[in-house]
1. Among ILE166, ILE135, GLN176, whose Cα projects farthest towards the positive end of the dipole of region 132-180, with charges put on the beta-carbon of Lys, Arg (+1) and Asp, Glu (-1)?
2. Run through region 137-180 and list the GluC sites (Glu not before Pro) located in a DSSP loop whose Cβ has at most 16 other Cβ atoms within 10 Å.
3. What percent does the relative contact order of the chain come to when contacts are Cα pairs within less than 8 Å and at least six residues apart?
4. Can you tell me the FRET efficiency between ASN141 and THR22 if r is taken as the Cβ-Cβ distance and R0 is 35 Å, rounded to the nearest 0.05?
5. Around ASP38, under 13 Å between beta carbons, what's the net of Lys plus Arg minus Asp minus Glu among the other residues?
6. Under the Karplus relation 6.51 cos²θ - 1.76 cosθ + 1.60, θ = phi - 60°, what is the ordered set of whole-Hz ³J(HN,Hα) values for region 99-106, x standing for Gly and Pro?
7. Quote the relative contact order of region 20-136 in percent (integer), defining contacts as alpha-carbon pairs under 8 Å separated by 6+ residues.
8. With the contact rule set at Cα under 8 Å and sequence spacing of 6 or more, what percent relative contact order holds for region 1-84?
Amino acid sequence: MPVTTRQIGPCFAAEVDGIDLTRPLSSADVKAVHAGMDEYAVLVFHDQKLDDEQQLAFSRGLGELEHAVGTSLRAPDEYRLPTTFADVSNLDKDNNVFARDDRRRLFAIGNRLWHSDSSFKVVPAKYSILHARAIPSKGGNTEFADMRAAYDALDAETRAEIEDLICEHSQIFSRQQLGFFDFTEEERARFKPVRQRLVRTHPSTGRKSLYLASHAGGIIGWPVPEARAFLRDLTEHATQRQFVYAHTWRVGDLVMWDNRRTMHRARPFPVHEPRDMRRTTLVGEATI
Ligand code: OGA
Ligand code: MN
């Protein structure tokens, strides 16, 4: 069956048919997936009954895996999944839903702010590959914003102003926005800010896009309040409805996005219902 894509978002995002991700992909399939990512930035594959090994095999076939070590508040002995996965669920090691005030859950609520994965790492993420194993009865959508279209829609003066700006990114900045200040000394050291360009050029398409995230808490050389107000204005611009695709999950959906030219955010869902989402992530390239 030939691989087909059908655009579903306003200016990006497509559904892919004709590919079974439980089986090894041919090199033509791998090429088609990368080409689809270059064109649409978000790809949706429905009805993929993958286990962890199959998700890893599919992901490794596309590039080098990022390991999720020390990026959440789970201690190493609290990991539910191997470090080849980012555990995006609300579940503890024994598959119990976190209590409402569990600090690991509160930290993870940071995913409800617009962000790009691992922008707080010197080498941030390329693709994120998120698979739905269990979903809540309502809510829990994931929204995606097209940062290339948002860049293209800026006026020339703003484009010139931001061209060479460098931001500082840290998970501390994103959590501060939600009133979460409860970090240990060890966590503060671990979440030390890193620098990222505000405008980045996509290596395969040569197109520019905004590189924003709620993790961005400063611009080098700018006073902090002015930088934060400016970044907030840019984020508001970039996340207008005409740039956003909202994904309503079904169990078995696999959604893959290019963090270099999109932002995303989780939407709320009932606190006591399990939501088991497992993310594999490909390593990207440093922006500086
Ligand atoms: C992620 C993420 C959003 C969601 O997997 O990186 O931010 O809806 N997920 O779970
Ligand atoms: Mn994310």
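No lab work stands behind these numbers, since they all come straight from the coordinates. What you see is a predicted model; the values in this text were computed from it and never measured. Neighbour counts run over all protein chains shown; Cβ positions are idealised from the backbone, glycine included.
1. Going by the Cα projections, it comes out as ILE135.
2. Within region 137-180, the qualifying GluC sites (Glu not before Pro) (loop, at most 16 other Cβ atoms within 10 Å) are GLU163.
3. This gives 33 percent for the chain.
4. 0.90
5. Every neighbour counted, the sum reads +4.
6. Per residue, the Karplus-derived 3J(HN,Hα) values read 5, 4, 9, 5, 5, 5, 5, 5 Hz.
7. 17
8. 27
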